[in-house]
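Report on the structure given below.
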Amino acid sequence: MSQGRLSESNSPLSANQARRLNDALADLDARQRAWLQGYLAGLDAHDAPAAAESPASPPGEPLTVLFGSQTGNAEGVAEQAAERARAWGLDVELKDMASFGKQDLKQATRLMAVVSTQGDGDPPDSALGFYELLAGRKAPRLSDDHRFAVLGLGDASYEYFCESGKVLDSRLEALGAQRLCARVDADVDYEETATQWVDATLDAFAALSGNAAPGPASDVSGGAVATYSRSHPFQAEVLEMQPLNTEDSDKQTLHVELSLEESGLEYRPGDAVGIVPQNDPTYVDELLTALRLDGETPYEEGRQLRDALLNDFEVTTLTRPFLNHWAEISDDAELRRLLDEESRDELREWLQGRHIIDVLEHFPVEGLEADTFIRALRKLPPRLYSIASSQAAAPDEVHLTVAVVRYETHGRARGGVATTYLADRVSPGDQVPIYIDHNKHFKLPDDDAVPIVMIGPGTGVAPFRAFLQEREARGASGDNWLFFGDRRRRSDFLYQAEWLQWRKTGLLSRLDVAFSRDQQDKVYVQDRLREQAATLYDWLQAGAYVFVCGDAERMAPDVHQALLDVIREQGRYDEEAAAEYLRDLQQQKRYQRDVY
């Protein structure tokens with residue numbers, strides 16, 4: 001039986017109930033399913049006090065709003081939840097998992113937790129210590145006096161979607177706490193789902209203490225309300241678009257300059273720009289052909305289906321919810337088998353290099369209606385790019401470093417949605433919809449005398465161009481050390497002239513580069529870290545901050561291991577003590593990563 005379809009054998013439902021629920025769910029799109037999660041959470045909340053058969057918590061007991069955040073989204077939701085709870089009289093404590101220990105958890109008898117997931121199901125860097133506590137022997141025993149609710153933020157295109165939220169939810173229950181509301185998992189377009197979760201959860205805690213529930217919440221936007229946002233982007237004029245690689249490079253990287261004039265938008269080094277892209281028109285036409293649908297089919301008042309697929313929906317990246325939906329409407333036995341838990345490894349391999357159109361062609365559905373297909377899709381999420389400029393150096397501009405993604409798999413040419421949009425269909429003078437995505441957890445130290453180490457291969461170097469521009473504008477006295485890597489020095493040394501000029505003026509105290517394909521044995525930035533182990537450790541001992549930006553899958557773990565090796569070797573630590581040293585750097589915000 002497919003994981004996506006209920007029956008009396010794999011659920012507590014009767015055969016008739018399972019059939020009716022399957023029929024109902026098949027007609028819901030991703031947004032409606034997210035709403036239903038929040039609605040069911042609210043029902044659970046009203047039922048929970050009676051079902052738990054334990055005394056209601058004292059009305060004056062504080063509510064702990066706990067967050068684990070990598071880029072600031074989970075923290076923003078938690079801040080909005082805490083602000084809203086205070087507005088109707090609750091005693092609220094807003095806590096970061098980075099400094100949340102055993103005694104804190106024991107005392108948090110009312111707990112709302114928001115946590116994001118990164119990479120292959122990992123918690124945020126700042127929350128690693130808290131998750132180690134939860135998983136270890138020192139985890140506290142909780143009781144049914146402890147009530148909790150968990151919201152997970154993630155990306156449904158990843159295999160371990162919202163895994164950090166799932167782990168936290170199940171572990172709190174295993175330690176003895178009582179789940180007050182069902183866990184909710186939110187995709188990249190999380191705001192509406194988060195708002196519903198805040199409503200349902202605060203309603204549940206109000207019922208628990210006998211208080212009146214608050215009115216409807218305002219939207220949870222992950223931070224302060226701005227004039228321009230992901231739902232209301234600024235139309236930024238493209239000022240320049242310059243290639244950063246030479247013509248003989250096998251890579252295409254663009255330096256993009258956008259105008260912020262009259263926008264009022266502000267940013268700081270470490271922030272990102274969200275680009276609201278458009279899907280490739282050629283791909284959309286291929287999609288319509290595969291679906292046997294007419295692009296001129298009315299979608300909404302005054303709009304057609306093709307326009308909606310171009311601008312509104314994710315039509316490339318495969319997600320588990322899409323596959324589950326397609327299994328329902330296609331009733332294909334092979335797809336159902338791939339979605340079974342025992343076929344997880346086979347499904348992972350099958351998905352490599354495939355997009356939504358491959359599923360349509362491999363598991364075709366005859367006579368499909370446009371609305372049925374649209375309900376399987378999620379909203380087209382913005383793509384985030386690290387800002388490569390300082391507003392102090394470029395007051396009315398924002399600069400980006402964009403690696404254009406192009407490749408071929410399964411007999412079809414592929415391309416990144418936003419990168420090919422910029423490279424192929426946007427020119428200087430055109431306008432691009434953007435907003436600023438603030439990153440509270442990747443920023444320069446306030447003390448300009450503090451030394452910094454920047455590790456950024458490829459386009460991961462973008463924020464460090466901003467860091468150096470900012471430190472130059474501020475007249476910062478702290479030393480600056482850059483580790484940069486790419487394929488070939490002659491063709492792929494991004495911003496070479498700028499780094500060398502800053503090295504000449506002394507702003508860039510040290511510059512170490514690694515070009516992997518310039519010699520027989522490949523050399524990467526982590527190799528340069530080990531080569532400079534003694535000096536690097538001296539910098540750490542002198543209070544240096546370490547920043548890492550770039551690929552999360554391979555580079556970031558390799559760099560992390562290199563740092564551990566440097567600390568272990570130079571400090572004469574064992575592995576456990578070296579790991580503790582690095583964790584302390586994270587706790588002090590001296591080891592920060594922006595990886596993707």
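The values are calculated or read from the model by the stated rules, or taken from the named source; none is laboratory data. Computed from a prediction, not measured in an experiment: that's the story for all the values here. No Cβ is skipped: glycine too gets one built from the backbone with ideal geometry, and neighbour counts run over all protein chains shown.
Can you tell me which residue is nearest to T253 (Cα to Cα) among those in the range 369-383 that are aliphatic (A, V, I, L, M) and crowded, with 18+ Cβ neighbours inside 10 Å?
Per the stated criteria, the residue is L380.
Output the number of the condition that A272 fails; it satisfies all remaining conditions of (1) exposed (fewer than 14 other Cβ atoms within 10 Å of the Cβ); (2) under 21 Å from P463 (Cβ atoms); (3) among the small types (G, A, S).
(1)
Given the residues L202, L153, L180, L175, which is the only one that is more than 15 Å from Q80 (Cβ to Cβ) and either among the β-branched types (V, I, T) or crowded, with 23+ Cβ neighbours inside 10 Å (or both)?
L180
Looking at the range 237-264, which of its residues are among the aliphatic types (A, V, I, L, M) and either surrounded by fewer than 19 Cβ atoms within 10 Å (Cβ to Cβ) or in the same structural domain as D518 (by TED's automatic domain parsing) (or both)?
Of everything in the range 237-264, those that are among the aliphatic types (A, V, I, L, M) and either surrounded by fewer than 19 Cβ atoms within 10 Å (Cβ to Cβ) or in the same structural domain as D518 (by TED's automatic domain parsing) (or both) turn out to be V238, L239, M241.
Please work out if A182 is of a type in the set (A, V, I, L, M), assigned to a loop (DSSP other than H, G, I, E, B) and touching a residue at least 60 places away in the same chain (Cβ under 8 Å).
Criteria met by A182.
Would you pick out the residues in the range 438-480 that are within 23 Å of H255 (Cβ to Cβ) and assigned to a loop (DSSP other than H, G, I, E, B)?
Within the range 438-480, H438, N439, F442, K443, L444, G456, P457 meet the criteria.
If S231 passes every condition in (1) modelled with pLDDT of 95 or more; (2) closer than 30 Å to E369 by Cα but one, which one does it miss?
(1)
Within the group P463, P451, which residue is farther than 29 Å from D120 by Cβ and crowded, with 16+ Cβ neighbours inside 10 Å?
P451
Quick one: count up the residues across the range 96-125 that are free of Cβ contacts under 8 Å to residues at least 40 places away in the same chain, surrounded by 19 or more Cβ atoms within 10 Å (Cβ to Cβ) and farther than 23 Å from V595 by Cα.
Counting residues in the range 96-125 that are free of Cβ contacts under 8 Å to residues at least 40 places away in the same chain, surrounded by 19 or more Cβ atoms within 10 Å (Cβ to Cβ) and farther than 23 Å from V595 by Cα gives 2.
Looking at D307, D312, D331, D294, which one is free of Cβ contacts under 8 Å to residues at least 24 places away in the same chain and within 22 Å of S231 (Cβ to Cβ)?
D307
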